[in-house]
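As structure tokens, the structure follows; a few thoughts come after it.
The values are calculated or read from the model by the stated rules, or taken from the named source; none is laboratory data. Note that the coordinates shown come from a computational prediction; the quantities given were computed from them, not determined experimentally. Please note: Cβ atoms are built from the backbone with ideal geometry, for glycine as well, and neighbour counts cover all protein chains shown.
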Amino acid sequence: MLDKRMTPAEIVGRLSDGMTVGIGGWGPRRKPMALVREIIRSDLKDLTIIAYGGADVGMLCAAGKVKKLVFAFVSLDAIPLEPWFRKSREAGQIEVLELDEGMLQWGLKAAAFGLPFLPTRVGLGTDLAELGGLKTVQSPYVDGETLIAMPALKLDAALLHVNRCDYRGNVQLLGPDAYYDEWFAKASVKTYVSCEELVDKMEDHYHDDAEANIFERCFVTGVTEIVGGAHPSSMPPLHGPDMKAFKAYAGAAKDPGDWSAVADQFVGPDEATYLDSVGGKEAVMNIPLAIY
Amino acid sequence: MSDVTLAELCIFACSETFRTDREIIATGIGPVPRVGAGLAKLTHSPGLMMTDGEAYLVEQPVPMGPRGDYQVKRAGHLPFSRFFDSAVWTGRRHAMVTPTQIDRFGQTNLSQLGGTHHQPKTQMLGVRGFPGNSIYHANSMFIPFHSKRTFVEGEVDMVSSAGYNPAKRVAGGNYDHIDLQQMVTNLCVMDFGGPDNAVRVISLHPGVTFDQVQETTGFELVDAVEGETALPGKDALVIINQLDPHNYRANVIRDNPPAKRTVT
């Protein structure tokens, strides 16, 4: 039987300096934070990160892992402006390609289908094309319309966190929104998925939930079980975002304002220590779902 | 109706902005636009569609804040993962937002202020979905503090959403769906109905003069005032209270003034 099980350290060990890494989830929602923390504990550097950004982006920027960021926003919802991302930007520490939210998924789709670009009207009339070096293309048909050619956003690796996986890489996502996780998976050479529950054969345990399999296992390279692996982001329907943790994290950007002084608090030496430090599995699972 | 607040007047004005006979998604970001969208759906524009703020379509607009025993009744599903396909890129949406800067062309900015793109002086949210929203569907704005810091002289620092600026148009581009409707502020209601889409003041809130609005705006306005902005009636106030039971609207405009102000 196919067996794609890996440890988080093995997953991060397969990444290398300079890679382009896509991160699933959306803002403070269902982010593969344990894998992000594992990157921060590693020696990896010069990454290009592509994400609908939340604390994943903020932490990676603060930890000096990011050479370039491809983003449409970085936000913690109730804390609209991600403070560590802001610090990096305002210090001019990272290169950026700023995109519209829809353009970002369009670029992932172009990559997924092996196309050099996909045409779109989005970005016309704004500063995005000029700032990002995006080119236009003309329709060869009678309309002759000028469109922005959104380049493929090809990923070397994608990192996702889902509810369930099996050894072969079948995933199940149970929350109300899959965001663009399937397109991160398909746009990437390799996709690594952490999950709340790992089973041997999905069909023997959860065959009634097969509709929750939002992309196919051929797009999955490695799987690992990390309970609470989305914390402090939300993991619906299990738990909501840890706003207390986000407030402490945001506050630390002002005081002391120095990531090296607080990295231990927000990353920790290993995942077991981290989970203990935020109250353990039970406390995380008891965080109420967000009200929007 | 002397106890109607300015925020409630603005909600009522926002609801008028959403008036339509189409079946489109109404998105109001922030308490005043959101309650305004809900009020529109529950009164004059039943075709409007909206979400619970997360992923489900609801026919009863969800009240703001902690819900107690209130149960969200899901009528449909519109997760982010379908939002561009269904709502934005088909033009089936009207969004009301609060950008940081707006210029005379209706271009807005919520990404960065000052500095350079590599090193902005102040980094904000990023352009989010504004470029796509502006090129594809109707948009309106709500500004709780009308000032030259928001309604800037010249152009916005970073053009996050497309407006009516001829210099920003490339030959052959399709700008037909740029549809900037109204801007509701703490002083007035404006639209883009002047010559070459110039910004006009179309109604003034009670006690406000056109000159007062002009003085706090960084670009020239067209005086097309047709009268005072309408106050919500008793029925509208009941619905506003149902949609905002924790009175978040009281914190939107500084000092939560009454709708009928004495001139300052």
Failed condition for A:GLU211, given (1) surrounded by fewer than 20 Cβ atoms within 10 Å (Cβ to Cβ); (2) touching a residue at least 60 places away in the same chain (Cβ under 8 Å); (3) not in a loop (DSSP other than H, G, I, E, B), with all others met?
-> (2)
Among (1) in a loop (DSSP other than H, G, I, E, B); (2) of a type in the set (A, V, I, L, M, F, W, C); (3) under 29 Å from A:PRO288 (Cβ atoms), the one test that A:LEU44 misses | (3)
Expected single match for at positive phi and either within 9 Å of chain A (Cβ to nearest Cβ) or at pLDDT 95 or above (or both) among B:GLY106, B:GLY129, B:GLY47, B:GLY38 is B:GLY106
State whether the residues of region B:154-164 include one that is more than 12 Å from every other protein chain (Cβ to nearest Cβ) and either closer than 29 Å to A:ALA91 by Cβ or at pLDDT 95 or above (or both).
-> yes
Does region B:14-32 hold any residues that are crowded, with 24+ Cβ neighbours inside 10 Å and within 18 Å of B:LEU204 (Cα to Cα), and which are they?
-> B:CYS14, B:SER15, B:THR17, B:VAL32
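Would you be able to tell me the number of residues in region A:35-65 that are more than 9 Å from the chain's Cα centre (by Cα) and crowded, with 24+ Cβ neighbours inside 10 Å?
Matching residues across region A:35-65 total 10.
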Would you mind finding the one in B:VAL225, B:VAL238, B:VAL213 that is within 24 Å of B:ALA138 (Cα to Cα) and among the β-branched types (Val, Ile, Thr)?
-> B:VAL225
Those residues that are in contact with a helix residue (DSSP H, G or I) (Cβ under 7 Å, 6 or more places away or on another chain), closer than 17 Å to A:LYS254 by Cβ and assigned to a loop (DSSP other than H, G, I, E, B), I need them from region A:79-108; list them, please.
-> A:GLU82
Of all residues in region A:110-146 being out of contact with any helix residue (DSSP H, G or I) (no Cβ under 6 Å at 6 or more places or on another chain) and closer than 22 Å to B:ARG82 by Cα, the one that is farthest from the other protein chains (Cβ to nearest Cβ) = A:GLY114
Taking region A:196-208 and keeping residues in a helix (DSSP H, G or I) and crowded, with 17+ Cβ neighbours inside 10 Å leaves A:MET202
Which condition number does B:ARG82 fail, the rest of (1) outside any helix (DSSP H, G or I); (2) free of Cβ contacts under 8 Å to residues at least 24 places away in the same chain; (3) closer than 29 Å to A:VAL96 by Cβ being met?
-> (1)
